[in-house]
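Okay, so here's the structure we're looking at.
Derivation of every value follows stated rules applied to the coordinates shown; laboratory data play no part. Quick caveat, the model's predicted, so the values are computed rather than measured. No Cβ is skipped: glycine too gets one built from the backbone with ideal geometry, and neighbour counts run over all protein chains shown.
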Amino acid sequence: MFWVALSALIMSLTGEGDDTFVIRRFLDRAQAAVSEHVHDPVRQRRALETLERTSKAFRRHRQRTAKVSDCIEQADRKFDASAADYQRCLVDIAPAWDAAAEELITLSHDFRRELTPAELASVRHDAEQR
Amino acid sequence: MTRIRSNRKAFVASLAFVACGLLACGGDKPPVRLPSTAARDRVATRVELVNLVISDPERARKVRSLYVAMDSLLLDAKRAQARQLSLLGGQEPTSDEETRRLFSAVHQAESGALESYSKLQLELRHFVTAEEFARLDAIR
């Protein structure tokens, strides 16, 4: 099963699967698989760098959405909170996700450029199956 | 034709790997949860304890129903996001525009749910005293 479909299924079943450890380990397995299947040292290094950039991009995205979370929690805890308090929290949701989409597109193109289709298939297989 | 098909598969695979990092995979520490997930956790811990905090059964029922409504709409948002992620990770490749559209749908589900959630949170304050509110807030 494709990893996103798996994560989506987990989210769907539990309602809170966006940070499941099952999915978290995927990136580590992908890095190991790149090391094993991509023998050209230059392309291997670039692919690993792309995965590292991906990991950093994810952390940045979550740090940004964490600010939204914290803001909402503060409003939740205030008895005299107003609609404006909540509205202030929500303004960065769309920009945060739009930025993540652009990073995803760029990193996807970079990753595709660095691996041959056969290598990509092997890496994907290992990362999903182990 | 074979080459085109191969390239399309490669693109899907590359998108999936990177999407994993952006959406779900963390580093050494557990990743921060999405706002809708964190909010749902807070609500879920309170639903069953409302009766212990609010002695008036009528108000307790109302407050409980508001928490249930919050939980329900946040869960619906999770399901909507899951559907979009499934499309992003499907076997068919997504264009850049399609990727943007799917991400947009994910954040719209998040924003829409949190918007409704905030209205319910504000409504809740009409049915609790400041003291009851503080006691509910203390539940973790």
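Taking the simple approach of a point 7 Å from Cα along Cα-to-Cβ for both B:Ser55 and B:Asp41, what is their distance in nm?
Roughly 3.4 nm, to one decimal.
For segment A:47-130, with the dipole built from +1 on Lys and Arg beta-carbon atoms and -1 on Asp and Glu ones, taken about the Cα centre, which of A:Ala84, A:Leu115, A:Ala94 lies farthest toward the positive end?
After comparing all options, I get A:Ala84.
Residue-wise, which Karplus ³J(HN,Hα) couplings in Hz belong to segment B:105-115, taking 6.51 cos²θ - 1.76 cosθ + 1.60, θ = phi - 60°, and x for glycine or proline?
5, 5, 6, 5, 5, 5, 4, x, 5, 6, 5
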